[in-house]
Amino acid sequence: MSLVPSAETRIPLGKSGLAVAPLGWGMWRFGGGDRASARRRVEAALEVSCTLFDTADIYGSGGERGFGGAESLLGEVLREAPQLRERMVLATKAGITPPVPYDSSERYLLEACEASLRRLGVEQIDLYQIHRPDLLAHPAEVAQALERLRSAGKIRSAGVSNHTAAQVDALRAHLPFDLAAVQNEFSPLVIEPLSDGTLDQAMQRGIALLAWSPLAQGRLAVSAGEAPVEPRVAEVIHALDAVAARSGTPRSAVAYAWVMAHPARPIPLIGSQNPARIREARSAYSVQLTREEWYRILVAARGARMP
Ligand SMILES: NC(=O)c1ccc[n+]([C@@H]2O[C@H](COP(=O)([O-])OP(=O)(O)OC[C@H]3O[C@@H](n4cnc5c(N)ncnc54)[C@H](OP(=O)(O)O)[C@@H]3O)[C@@H](O)[C@H]2O)c1
(Lines give C-alpha, C1' and ligand atoms only; values in the text may rest on other atoms or scores of the structure.)
Protein backbone atom coordinates (compact mmCIF):
# COMPACT_ATOMS: atom_id res chain seq x y z
CA MET A 1 0.00 0.00 0.00
CA SER A 2 1.30 3.48 -0.86
CA LEU A 3 2.43 5.67 2.02
CA VAL A 4 1.22 8.69 0.03
CA PRO A 5 -2.44 9.74 0.21
CA SER A 6 -4.46 9.93 -3.01
CA ALA A 7 -5.60 13.21 -4.58
CA GLU A 8 -9.13 12.37 -3.46
CA THR A 9 -8.18 12.15 0.22
CA ARG A 10 -9.59 14.97 2.32
CA ILE A 11 -7.71 16.10 5.41
CA PRO A 12 -9.81 17.73 8.12
CA LEU A 13 -8.68 21.13 9.42
CA GLY A 14 -9.11 20.11 13.02
CA LYS A 15 -12.76 20.06 14.02
CA SER A 16 -13.65 23.13 11.96
CA GLY A 17 -15.78 21.16 9.51
CA LEU A 18 -13.40 22.18 6.73
CA ALA A 19 -11.36 19.56 4.89
CA VAL A 20 -8.69 20.06 2.23
CA ALA A 21 -6.73 18.14 -0.40
CA PRO A 22 -3.33 16.70 0.61
CA LEU A 23 -1.41 19.36 -1.39
CA GLY A 24 -1.88 23.07 -0.71
CA TRP A 25 -0.56 26.15 -2.48
CA GLY A 26 1.30 29.04 -0.83
CA MET A 27 1.45 32.68 -1.89
CA TRP A 28 4.53 33.99 -0.14
CA ARG A 29 6.09 34.67 -3.54
CA PHE A 30 2.80 35.63 -5.22
CA GLY A 31 2.95 39.44 -4.97
CA GLY A 32 4.68 40.03 -8.31
CA GLY A 33 3.27 40.13 -11.80
CA ASP A 34 -0.05 41.36 -13.13
CA ARG A 35 -3.56 40.06 -12.58
CA ALA A 36 -3.51 37.83 -15.67
CA SER A 37 -0.31 36.08 -14.58
CA ALA A 38 -1.65 35.80 -11.02
CA ARG A 39 -4.84 34.18 -12.30
CA ARG A 40 -2.84 31.66 -14.35
CA ARG A 41 -0.96 30.61 -11.22
CA VAL A 42 -4.14 30.31 -9.14
CA GLU A 43 -5.75 28.22 -11.89
CA ALA A 44 -2.67 25.98 -12.14
CA ALA A 45 -2.92 25.29 -8.40
CA LEU A 46 -6.63 24.48 -8.74
CA GLU A 47 -5.81 22.19 -11.67
CA VAL A 48 -3.60 20.03 -9.47
CA SER A 49 -6.54 19.94 -7.04
CA CYS A 50 -5.04 22.16 -4.37
CA THR A 51 -7.87 23.39 -2.21
CA LEU A 52 -5.95 25.12 0.59
CA PHE A 53 -4.66 28.53 -0.53
CA ASP A 54 -2.29 30.07 1.99
CA THR A 55 -1.44 33.76 2.04
CA ALA A 56 -0.57 36.39 4.68
CA ASP A 57 -0.97 40.13 5.09
CA ILE A 58 2.82 40.52 5.12
CA TYR A 59 3.32 38.73 1.77
CA GLY A 60 4.27 41.28 -0.83
CA SER A 61 6.23 43.49 1.59
CA GLY A 62 9.47 44.51 0.00
CA GLY A 63 7.90 44.22 -3.46
CA GLU A 64 6.22 46.90 -5.52
CA ARG A 65 2.81 46.34 -3.89
CA GLY A 66 4.15 46.41 -0.33
CA PHE A 67 2.42 45.11 2.84
CA GLY A 68 -0.87 43.44 1.87
CA GLY A 69 0.30 43.11 -1.74
CA ALA A 70 -0.26 39.36 -2.13
CA GLU A 71 -3.72 39.58 -0.56
CA SER A 72 -4.76 42.47 -2.77
CA LEU A 73 -3.50 40.70 -5.92
CA LEU A 74 -5.52 37.61 -4.99
CA GLY A 75 -8.46 39.93 -4.29
CA GLU A 76 -8.17 41.29 -7.86
CA VAL A 77 -8.19 37.75 -9.26
CA LEU A 78 -11.26 36.87 -7.18
CA ARG A 79 -13.10 40.02 -8.24
CA GLU A 80 -12.42 39.11 -11.88
CA ALA A 81 -13.33 35.42 -11.41
CA PRO A 82 -15.54 35.14 -8.29
CA GLN A 83 -16.34 31.48 -9.06
CA LEU A 84 -12.77 30.54 -8.03
CA ARG A 85 -13.50 31.46 -4.40
CA GLU A 86 -15.84 28.47 -3.98
CA ARG A 87 -13.06 26.09 -4.97
CA MET A 88 -10.61 27.25 -2.31
CA VAL A 89 -10.25 27.07 1.43
CA LEU A 90 -8.73 30.49 1.99
CA ALA A 91 -6.09 30.88 4.68
CA THR A 92 -4.28 34.05 5.67
CA LYS A 93 -2.15 35.21 8.59
CA ALA A 94 -1.45 38.27 10.68
CA GLY A 95 0.85 39.37 13.47
CA ILE A 96 4.14 40.18 11.73
CA THR A 97 4.41 43.95 11.90
CA PRO A 98 7.77 45.24 10.67
CA PRO A 99 9.78 46.74 12.22
CA VAL A 100 8.12 46.01 15.63
CA PRO A 101 8.39 42.95 14.78
CA TYR A 102 5.28 41.13 16.14
CA ASP A 103 1.88 42.21 17.39
CA SER A 104 -0.85 39.77 18.38
CA SER A 105 -2.64 42.15 20.72
CA GLU A 106 -6.41 41.94 20.49
CA ARG A 107 -6.73 45.45 19.09
CA TYR A 108 -4.19 44.75 16.36
CA LEU A 109 -5.63 41.39 15.30
CA LEU A 110 -9.18 42.77 15.03
CA GLU A 111 -7.98 45.58 12.77
CA ALA A 112 -5.64 43.33 10.76
CA CYS A 113 -8.45 40.88 10.02
CA GLU A 114 -10.72 43.67 8.73
CA ALA A 115 -7.90 44.87 6.50
CA SER A 116 -7.31 41.36 5.11
CA LEU A 117 -11.03 40.89 4.39
CA ARG A 118 -11.06 44.22 2.55
CA ARG A 119 -7.99 43.42 0.44
CA LEU A 120 -9.20 39.90 -0.39
CA GLY A 121 -12.72 41.17 -1.07
CA VAL A 122 -14.29 38.24 0.79
CA GLU A 123 -16.86 38.05 3.59
CA GLN A 124 -15.05 35.42 5.62
CA ILE A 125 -11.55 33.97 5.96
CA ASP A 126 -11.65 30.18 6.25
CA LEU A 127 -8.46 29.80 8.30
CA TYR A 128 -6.97 32.78 10.17
CA GLN A 129 -3.48 32.14 11.48
CA ILE A 130 -1.24 33.91 13.98
CA HIS A 131 1.90 34.19 11.86
CA ARG A 132 4.52 34.07 14.64
CA PRO A 133 4.24 34.02 18.41
CA ASP A 134 4.14 37.53 19.90
CA LEU A 135 5.99 37.04 23.18
CA LEU A 136 4.28 40.12 24.63
CA ALA A 137 0.73 38.88 23.99
CA HIS A 138 -0.82 36.66 26.66
CA PRO A 139 -2.44 33.60 25.03
CA ALA A 140 -5.72 34.58 26.74
CA GLU A 141 -5.69 37.87 24.81
CA VAL A 142 -4.89 36.16 21.48
CA ALA A 143 -7.66 33.63 22.17
CA GLN A 144 -10.14 36.40 22.91
CA ALA A 145 -9.34 38.15 19.63
CA LEU A 146 -9.79 34.92 17.67
CA GLU A 147 -13.05 34.17 19.47
CA ARG A 148 -14.41 37.64 18.73
CA LEU A 149 -13.51 37.28 15.05
CA ARG A 150 -15.12 33.86 14.90
CA SER A 151 -18.33 34.90 16.68
CA ALA A 152 -18.62 37.86 14.31
CA GLY A 153 -18.34 35.48 11.35
CA LYS A 154 -15.17 37.14 10.04
CA ILE A 155 -13.20 33.90 10.30
CA ARG A 156 -14.36 30.32 10.11
CA SER A 157 -11.43 28.71 11.98
CA ALA A 158 -8.10 29.63 13.53
CA GLY A 159 -4.56 28.35 13.44
CA VAL A 160 -1.02 29.34 14.37
CA SER A 161 2.31 29.30 12.60
CA ASN A 162 5.87 28.92 13.86
CA HIS A 163 4.62 27.99 17.32
CA THR A 164 6.17 25.34 19.54
CA ALA A 165 3.96 22.55 20.83
CA ALA A 166 3.96 24.25 24.26
CA GLN A 167 2.84 27.57 22.73
CA VAL A 168 0.05 25.75 20.88
CA ASP A 169 -1.18 24.19 24.12
CA ALA A 170 -0.96 27.51 25.98
CA LEU A 171 -3.27 29.08 23.39
CA ARG A 172 -5.60 26.08 23.24
CA ALA A 173 -6.11 26.33 26.99
CA HIS A 174 -7.82 29.71 26.50
CA LEU A 175 -9.69 29.07 23.25
CA PRO A 176 -13.36 28.14 23.49
CA PHE A 177 -13.04 26.21 20.20
CA ASP A 178 -10.45 23.84 18.75
CA LEU A 179 -7.42 25.11 16.89
CA ALA A 180 -7.71 23.91 13.28
CA ALA A 181 -4.10 24.02 12.06
CA VAL A 182 -0.46 24.56 12.90
CA GLN A 183 1.84 25.77 10.12
CA ASN A 184 5.52 25.07 10.66
CA GLU A 185 8.52 24.50 8.40
CA PHE A 186 8.83 20.83 7.40
CA SER A 187 10.63 19.24 4.46
CA PRO A 188 13.11 16.44 3.77
CA LEU A 189 15.77 18.94 4.85
CA VAL A 190 14.08 20.62 7.82
CA ILE A 191 12.99 17.70 9.96
CA GLU A 192 12.58 19.19 13.46
CA PRO A 193 8.76 18.67 13.54
CA LEU A 194 9.48 14.92 13.67
CA SER A 195 11.19 15.28 17.03
CA ASP A 196 10.10 18.58 18.63
CA GLY A 197 6.57 17.45 19.42
CA THR A 198 4.87 19.30 16.53
CA LEU A 199 3.73 16.22 14.61
CA ASP A 200 2.96 14.19 17.75
CA GLN A 201 0.78 17.01 19.01
CA ALA A 202 -0.99 17.32 15.65
CA MET A 203 -1.93 13.63 15.83
CA GLN A 204 -2.80 13.73 19.52
CA ARG A 205 -5.06 16.78 19.27
CA GLY A 206 -6.41 16.23 15.75
CA ILE A 207 -4.83 19.43 14.41
CA ALA A 208 -3.89 19.75 10.72
CA LEU A 209 -0.20 20.37 10.05
CA LEU A 210 0.61 22.73 7.19
CA ALA A 211 4.20 22.21 6.03
CA TRP A 212 5.79 25.43 4.85
CA SER A 213 8.69 25.49 2.37
CA PRO A 214 8.51 21.76 1.46
CA LEU A 215 11.53 22.27 -0.85
CA ALA A 216 13.39 24.15 1.90
CA GLN A 217 12.82 27.48 0.10
CA GLY A 218 14.05 25.98 -3.16
CA ARG A 219 17.30 24.59 -1.71
CA LEU A 220 16.12 21.09 -2.60
CA ALA A 221 15.32 22.18 -6.16
CA VAL A 222 18.82 23.14 -7.32
CA SER A 223 19.94 21.25 -10.41
CA ALA A 224 23.32 19.68 -11.01
CA GLY A 225 25.85 22.34 -11.88
CA GLU A 226 23.90 25.11 -10.10
CA ALA A 227 25.18 26.87 -7.00
CA PRO A 228 27.29 24.50 -4.84
CA VAL A 229 25.31 22.95 -2.01
CA GLU A 230 26.44 21.94 1.45
CA PRO A 231 27.15 18.21 1.84
CA ARG A 232 23.99 17.43 3.86
CA VAL A 233 21.80 19.10 1.20
CA ALA A 234 23.63 17.14 -1.51
CA GLU A 235 22.97 13.87 0.39
CA VAL A 236 19.25 14.62 0.69
CA ILE A 237 19.04 15.57 -3.00
CA HIS A 238 20.83 12.33 -3.87
CA ALA A 239 18.34 10.27 -1.82
CA LEU A 240 15.37 12.12 -3.38
CA ASP A 241 16.80 11.66 -6.88
CA ALA A 242 17.08 7.89 -6.40
CA VAL A 243 13.33 7.69 -5.73
CA ALA A 244 12.60 10.17 -8.54
CA ALA A 245 14.50 8.00 -11.03
CA ARG A 246 12.73 4.84 -9.89
CA SER A 247 9.25 6.36 -9.91
CA GLY A 248 9.74 8.53 -13.00
CA THR A 249 8.68 11.74 -11.24
CA PRO A 250 10.40 15.08 -10.66
CA ARG A 251 12.47 15.42 -7.49
CA SER A 252 10.07 18.07 -6.16
CA ALA A 253 7.22 15.53 -6.31
CA VAL A 254 9.25 13.08 -4.21
CA ALA A 255 9.88 15.80 -1.62
CA TYR A 256 6.14 16.56 -1.40
CA ALA A 257 5.38 12.82 -1.22
CA TRP A 258 7.91 12.39 1.62
CA VAL A 259 6.15 15.13 3.63
CA MET A 260 2.67 13.71 2.88
CA ALA A 261 3.70 10.16 3.84
CA HIS A 262 3.92 10.98 7.56
CA PRO A 263 0.86 9.64 9.39
CA ALA A 264 -0.05 13.12 10.68
CA ARG A 265 -0.79 13.82 6.98
CA PRO A 266 1.15 17.12 6.78
CA ILE A 267 -0.02 19.30 3.89
CA PRO A 268 2.92 20.59 1.83
CA LEU A 269 2.38 24.20 0.74
CA ILE A 270 3.72 24.33 -2.81
CA GLY A 271 5.67 27.58 -3.18
CA SER A 272 6.32 27.66 -6.91
CA GLN A 273 4.89 30.54 -8.92
CA ASN A 274 5.63 28.87 -12.22
CA PRO A 275 2.44 27.28 -13.67
CA ALA A 276 4.36 24.40 -15.28
CA ARG A 277 6.13 23.58 -12.01
CA ILE A 278 2.88 23.92 -10.06
CA ARG A 279 1.30 21.36 -12.44
CA GLU A 280 4.28 19.02 -11.94
CA ALA A 281 3.26 18.71 -8.29
CA ARG A 282 0.40 16.42 -9.36
CA SER A 283 2.88 13.58 -9.80
CA ALA A 284 3.50 13.60 -6.03
CA TYR A 285 0.41 11.42 -5.79
CA SER A 286 1.94 8.76 -8.00
CA VAL A 287 5.22 8.43 -6.08
CA GLN A 288 5.27 4.90 -4.69
CA LEU A 289 7.47 5.68 -1.72
CA THR A 290 8.50 2.63 0.28
CA ARG A 291 9.12 2.63 4.03
CA GLU A 292 12.79 1.94 3.37
CA GLU A 293 13.11 4.88 0.96
CA TRP A 294 11.34 7.22 3.39
CA TYR A 295 13.83 6.33 6.11
CA ARG A 296 16.75 6.55 3.70
CA ILE A 297 15.81 10.18 2.96
CA LEU A 298 15.50 10.84 6.70
CA VAL A 299 18.92 9.35 7.37
CA ALA A 300 20.39 11.68 4.71
CA ALA A 301 18.72 14.65 6.40
CA ARG A 302 19.93 13.60 9.87
CA GLY A 303 23.43 13.01 8.59
CA ALA A 304 23.42 9.91 10.80
CA ARG A 305 21.87 6.46 10.86
CA MET A 306 18.72 5.83 12.84
CA PRO A 307 19.52 4.68 16.40
N1 LIG B 1 4.32 30.54 7.99
C2 LIG B 1 5.51 30.95 7.63
O3 LIG B 1 6.25 31.58 8.39
C4 LIG B 1 5.96 30.65 6.24
C5 LIG B 1 7.29 30.89 5.85
C6 LIG B 1 7.66 30.55 4.55
C7 LIG B 1 6.72 30.00 3.68
N8 LIG B 1 5.44 29.80 4.09
C9 LIG B 1 4.40 29.20 3.21
O10 LIG B 1 4.96 28.12 2.48
C11 LIG B 1 4.77 28.36 1.09
C12 LIG B 1 5.88 27.72 0.31
O13 LIG B 1 7.14 28.29 0.68
P14 LIG B 1 8.32 28.33 -0.36
O15 LIG B 1 7.96 29.22 -1.49
O16 LIG B 1 9.57 28.61 0.39
O17 LIG B 1 8.29 26.80 -0.88
P18 LIG B 1 9.38 25.83 -1.49
O19 LIG B 1 8.58 24.85 -2.29
O20 LIG B 1 10.27 25.30 -0.44
O21 LIG B 1 10.27 26.71 -2.47
C22 LIG B 1 9.71 27.29 -3.60
C23 LIG B 1 10.83 27.96 -4.36
O24 LIG B 1 11.57 26.95 -5.06
C25 LIG B 1 11.68 27.33 -6.41
N26 LIG B 1 11.76 26.16 -7.28
C27 LIG B 1 12.81 25.89 -8.09
N28 LIG B 1 12.61 24.75 -8.77
C29 LIG B 1 11.41 24.29 -8.41
C30 LIG B 1 10.66 23.15 -8.77
N31 LIG B 1 11.11 22.25 -9.65
N32 LIG B 1 9.46 22.96 -8.22
C33 LIG B 1 8.99 23.85 -7.31
N34 LIG B 1 9.66 24.96 -6.93
C35 LIG B 1 10.87 25.19 -7.46
C36 LIG B 1 10.42 28.13 -6.69
O37 LIG B 1 10.67 28.94 -7.84
P38 LIG B 1 9.55 29.11 -9.00
O39 LIG B 1 8.46 29.92 -8.42
O40 LIG B 1 10.30 29.81 -10.06
O41 LIG B 1 9.11 27.73 -9.40
C42 LIG B 1 10.30 28.93 -5.40
O43 LIG B 1 11.15 30.06 -5.43
C44 LIG B 1 4.70 29.88 1.01
O45 LIG B 1 4.11 30.33 -0.18
C46 LIG B 1 3.87 30.21 2.21
O47 LIG B 1 2.50 29.94 1.96
C48 LIG B 1 5.06 30.11 5.35
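The values are calculated or read from the model by the stated rules, or taken from the named source; none is laboratory data. Computed from a predicted model, the values in this text were never measured in an experiment. Note: ideal-geometry Cβ built from the backbone for every residue, glycine included; neighbour counts use all protein chains shown. We work out accessible area using only protein heavy atoms, side chains counted, and drop any ligands, DNA or RNA first. Shrake-Rupley method; radii C 1.70, N 1.55, O 1.52, S 1.80 Å.
If Y59 passes every condition in (1) outside any strand (DSSP E or B); (2) touching a residue at least 40 places away in the same chain (Cβ under 8 Å); (3) within 15 Å of the chain's Cα centre (by Cα); (4) within 25 Å of A112 (Cβ to Cβ) but one, which one does it miss?
Going through the list (1) outside any strand (DSSP E or B); (2) touching a residue at least 40 places away in the same chain (Cβ under 8 Å); (3) within 15 Å of the chain's Cα centre (by Cα); (4) within 25 Å of A112 (Cβ to Cβ), Y59 breaks only (2).
Given the options A264, A211, name the one that is open to solvent by less than 40 Å² (accessible area, probe 1.4 Å), away from the ligand (no atom under 13 Å from the Cβ), of a type in the set (G, A, S) and within 25 Å of N162 (Cα to Cα). Walk me through it before giving the result.
Values: A211 fails: away from the ligand (no atom under 13 Å from the Cβ).
When all the criteria are applied, what remains is A264.
Please work out which residue is nearest to H262 (Cα to Cα), limiting yourself to region 178-196 and to residues that are open to solvent by 10 Å² or more (accessible area, probe 1.4 Å) and of a type outside the set (V, I, T).
Step one: filter region 178-196 for residues open to solvent by 10 Å² or more (accessible area, probe 1.4 Å), giving 178, 184-185, 190-192, 194-196.
In the following step, the residues that additionally are of a type outside the set (V, I, T) were identified as 178, 184-185, 192, 194-196.
Working: D178: 22, N184: 15, E185: 14, E192: 13, L194: 9, S195: 13, D196: 15 Å.
The selected residue is L194.
Determine the pairs where a residue that is more than 19 Å from R118 (Cβ to Cβ), located within region 82-107, has a partner that is open to solvent by less than 60 Å² (accessible area, probe 1.4 Å) and assigned to a loop (DSSP other than H, G, I, E, B) with Cβ atoms under 6 Å apart, the partner being 6 or more residues away or on another chain.
Qualifying pairs under 6 Å: V89/L18; V89/T51; Y102/G95; Y102/D134; S104/G95; S104/D134; S104/A137; S105/A137.
More than 13 Å from the ligand (Cβ to nearest atom) and either at pLDDT 95 or above or assigned to a helix (DSSP H, G or I) (or both): does that describe A70?
no
Among the candidates V168, V160, V142, which residue alone is assigned to a strand (DSSP E or B) and without any contact (Cβ under 8 Å) to a residue 40 or more places away in the chain? Show your work before the answer.
Values: V168 fails: assigned to a strand (DSSP E or B); V142 fails: assigned to a strand (DSSP E or B).
When all the criteria are applied, what remains is V160.
I want to confirm something. Restricting to region 21-35 and keeping residues that are of a type outside the set (G, A, S) and in contact (Cβ under 8 Å) with a residue 40 or more places away in the chain, which single residue is farthest from the ligand (Cβ to nearest atom)? Give the steps one after another, and end with the answer.
Step one: filter region 21-35 for residues of a type outside the set (G, A, S), giving 22-23, 25, 27-30, 34-35.
Next, only the ones that are in contact (Cβ under 8 Å) with a residue 40 or more places away in the chain stay: 22-23, 25, 27-30, 35.
Details: P22: 15, L23: 11, W25: 8, M27: 5, W28: 3, R29: 5, F30: 7, R35: 18 Å.
My answer is R35.
Would you pick out the residues in region 66-121 that are touching a Lys or Arg at 6+ places or on another chain (Cβ under 9 Å), open to solvent by 20 Å² or more (accessible area, probe 1.4 Å) and under 30 Å from H138 (Cβ atoms)?
Within region 66-121, I96, P101, Y102, E106, L110, E114 qualify.
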